[in-house]
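The values are calculated or read from the model by the stated rules, or taken from the named source; none is laboratory data. Since the structure is predicted, the reported quantities are computational estimates derived from the model, not experimental observations. When we count neighbours, we look across all protein chains shown, and the Cβ atoms used for this are built from the backbone with ideal geometry, even at glycine. Accessible surface is based on the protein model in full, side chains and every heavy atom, while ligands, DNA and RNA are left aside. Shrake-Rupley method; radii C 1.70, N 1.55, O 1.52, S 1.80 Å.
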Amino acid sequence: MERSQKEEKWLAREIQLSQKHAELLAKREQLLHLSQGELNSSEHRAKVHQAHWTHVQQRNKQLQQDIKRSQVEMKDIARQPPNVKFTELQTMYWTTVQDQLPQWKKQLKEKGSAMNSPYH
């Protein structure tokens, strides 16, 4: 081979390698941009998550305080003597239940017999 043909061959190879290098640099740049975007997105999600977590902790603390306050209020109410009107209503309710119980049992028994009949 002549020297000029060798030079042309090496020059062509150098151009080919130079193009491949440019392609690799472009791909690297693209990947760097994607990585940076993902990092920014990840950092944003972490900040949002942290803010949400802080809010959740505050809400939980408030709920715990509300529960404790409600427990204290319920204990105070439980210590008070029952309301006279409530006691009267309760007595009337249980008297009605006791009076109606035999009739309810009879109705349930009749309904059960009707359900077990072959014509139902």
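Structural remarks
- On the stretch given as segment 53-83, residues that are part of a helix (DSSP H, G or I) and open to solvent by 100 Å² or more (accessible area, probe 1.4 Å) total 12.
- Between T91, T87, T95, the distinction of being surrounded by 10 or more Cβ atoms within 10 Å (Cβ to Cβ) and at pLDDT below 95 belongs to T87 only.
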